[in-house]
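Please read the structure below before turning to the comments.
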Amino acid sequence: MIVKGGKAVYGARVGILMLDARFPRIIGDMGNAETWPFPVRYKVVRGAHPDLVVRQGAPGLLEAFIAAGRELVEDGVELITTNCGFLSLFQAELSQALQVPVATSALMQARAIQAILPPGKPLGILTISAATLTAEHLRAADVPDGTPVRGISEESELYRVILNNELSLDTVKAEAGMVEAALAFQCDVPDLGAILFECTNMPPYTKAVREATGLPVYSMETYLHWLVRALP
């Protein structure tokens with residue numbers, strides 16, 4: 001058998017560009033390698049702190065993400081993604097610069113999800129920060145116009161820990177806050193057909209939200225599984 005080379009690393013086809021954060025990442029979180037049934041390679045983009053990306057629009061960070069992505073591609077990854085849905089702002093530029101498939105945000109699956117839902121059953125986006133998830137973020141991810149968006153409470157455990165980059169997370173409180181936000185969303189939009197988590201720190205609470213609402217729940221976890229299966 002003859003095999004061919006050309007890469008520095010084999011067997012890890014997915015590259016994940018990570019924010020520069022120190023909060024805990026439990027299984028289910030994109031930044032915990034045990035979440036994935038396939039190997040992944042991580043690259044932390046230094047200086048890309050959660051507050052800077054989520055609350056401030058990631059000013060001045062594009063070139064750092066491009067450079068980090070190029071390192072992963074040069075090492076052999078075949079698909080690049082990121083661990084923050086707010087990085088949809090960089091989708092076009094990263095895709096052009098890296099020349100491999102790029103999926104910056106879980107929001108990019110919104111149109112496909114909406115297409116499979118019954119008429120009159122909208123997909124709802126649950127985000128870490130409704131106050132700063134702008135129309136520009138949604139357009140960059142090709143989210144259908146009129147898609148309802150809600151955020152978790154700014155008083156909730158998950159919001160506080162992630163946006164303040166704290167070192168301790170009470171997972172029971174975080175789950176309760178996620179369920180509370182999802183139920184409030186469902187109350188506001190009674191015909192809601194499914195929920196999409198913008199934030200890649202939310203998937204550990206998928207089961208609790210699904211059971212509380214009775215709705216399908218999508219996230220970067222569901223998206224990345226689909227993307228990896230599609231690779232040649």
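The values are calculated or read from the model by the stated rules, or taken from the named source; none is laboratory data. The shown structure was predicted, so the numbers you read here are calculated from the model rather than taken from an experiment. All Cβ positions, even for glycine, are placed from backbone atoms using ideal geometry, and neighbour counts span all protein chains on display. We work out accessible area using only protein heavy atoms, side chains counted, and drop any ligands, DNA or RNA first. Shrake-Rupley method; radii C 1.70, N 1.55, O 1.52, S 1.80 Å.
From the list GLU74, GLU63, exactly one residue is in contact (Cβ under 8 Å) with a residue 24 or more places away in the chain and among the acidic types (Asp, Glu). Which is it?
Going through GLU74, GLU63 in turn, the sole match is GLU74.
Considering only segment 182-198, how many residues are open to solvent by 60 Å² or more (accessible area, probe 1.4 Å) and assigned to a helix (DSSP H, G or I)?
Total satisfying the criteria: 3.
So is LEU133 among the aliphatic types (A, V, I, L, M), crowded, with 17+ Cβ neighbours inside 10 Å and part of a loop (DSSP other than H, G, I, E, B) or not?
yes
Pick from ARG150, ARG160: which is more than 17 Å from the chain's Cα centre (by Cα) and not aromatic (Phe, Trp, Tyr)?
Exactly one of ARG150, ARG160 is more than 17 Å from the chain's Cα centre (by Cα) and not aromatic (Phe, Trp, Tyr), namely ARG160.
Output the qualifying pairs, or none if there are none: Cβ atoms under 6 angstrom, residues six or more apart or on different chains, first residue in segment 120-132 and in contact (Cβ under 8 Å) with a residue 40 or more places away in the chain, second residue of a type in the set (Lys, Arg) and surrounded by fewer than 17 Cβ atoms within 10 Å (Cβ to Cβ).
Cβ pairs passing all conditions: THR132/ARG55.
Could you list, in sequence order, the residues of segment 36-68 that are of a type in the set (Ser, Thr, Tyr) and in contact with a helix residue (DSSP H, G or I) (Cβ under 7 Å, 6 or more places away or on another chain)?
None; the set is empty.
Among the residues of segment 55-81, count how many are closer than 21 Å to PRO232 by Cβ and open to solvent by less than 10 Å² (accessible area, probe 1.4 Å).
7
Which residue, of ILE116, ILE128, is more than 22 Å from LEU17 (Cβ to Cβ) and of a type in the set (Val, Ile, Thr)?
ILE116
Could you list, in sequence order, the residues of segment 10-37 that are touching a strand residue (DSSP E or B) at 6+ places or on another chain (Cβ under 7 Å) and in a loop (DSSP other than H, G, I, E, B)?
Result: ALA12, ARG13, ASP20, MET30, GLY31.
What tally of residues in segment 18-35 results from selecting those that are touching a residue at least 60 places away in the same chain (Cβ under 8 Å), out of contact with any helix residue (DSSP H, G or I) (no Cβ under 9 Å at 6 or more places or on another chain) and charged (D, E, K, R)?
Residues in segment 18-35 being touching a residue at least 60 places away in the same chain (Cβ under 8 Å), out of contact with any helix residue (DSSP H, G or I) (no Cβ under 9 Å at 6 or more places or on another chain) and charged (D, E, K, R): 1 in total.
Can you go through GLU154, GLU166, GLU180, GLU221 and tell me which one is among the acidic types (Asp, Glu) and within 17 Å of LEU123 (Cβ to Cβ)?
Within the list GLU154, GLU166, GLU180, GLU221, the selection yields GLU221.
Listed here are the residues, each with its yes/no results for (1) β-branched (Val, Ile, Thr); (2) over 26 Å from ARG25 (Cα atoms); (3) open to solvent by 30 Å² or more (accessible area, probe 1.4 Å); (4) part of a helix (DSSP H, G or I).
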{"residue": "VAL143", "(1), (2), (3), (4)": "yes, yes, no, no"}
{"residue": "TYR159", "(1), (2), (3), (4)": "no, no, no, yes"}
{"residue": "ASN165", "(1), (2), (3), (4)": "no, no, yes, no"}
{"residue": "GLU180", "(1), (2), (3), (4)": "no, no, yes, yes"}
{"residue": "THR200", "(1), (2), (3), (4)": "yes, no, no, no"}
{"residue": "THR222", "(1), (2), (3), (4)": "yes, no, yes, yes"}
{"residue": "TRP226", "(1), (2), (3), (4)": "no, no, yes, yes"}
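Check TYR218 against each of (1) open to solvent by 40 Å² or more (accessible area, probe 1.4 Å); (2) free of Cβ contacts under 8 Å to residues at least 40 places away in the same chain; (3) hydroxyl-bearing (Ser, Thr, Tyr) and name the one condition it does not meet.
Going through the list (1) open to solvent by 40 Å² or more (accessible area, probe 1.4 Å); (2) free of Cβ contacts under 8 Å to residues at least 40 places away in the same chain; (3) hydroxyl-bearing (Ser, Thr, Tyr), TYR218 breaks only (2).
Can you give me the number of residues within segment 82-108 that are over 18 Å from GLY47 (Cα atoms) and either open to solvent by 20 Å² or more (accessible area, probe 1.4 Å) or in a strand (DSSP E or B) (or both)?
Residues that pass the stated criteria total 12.
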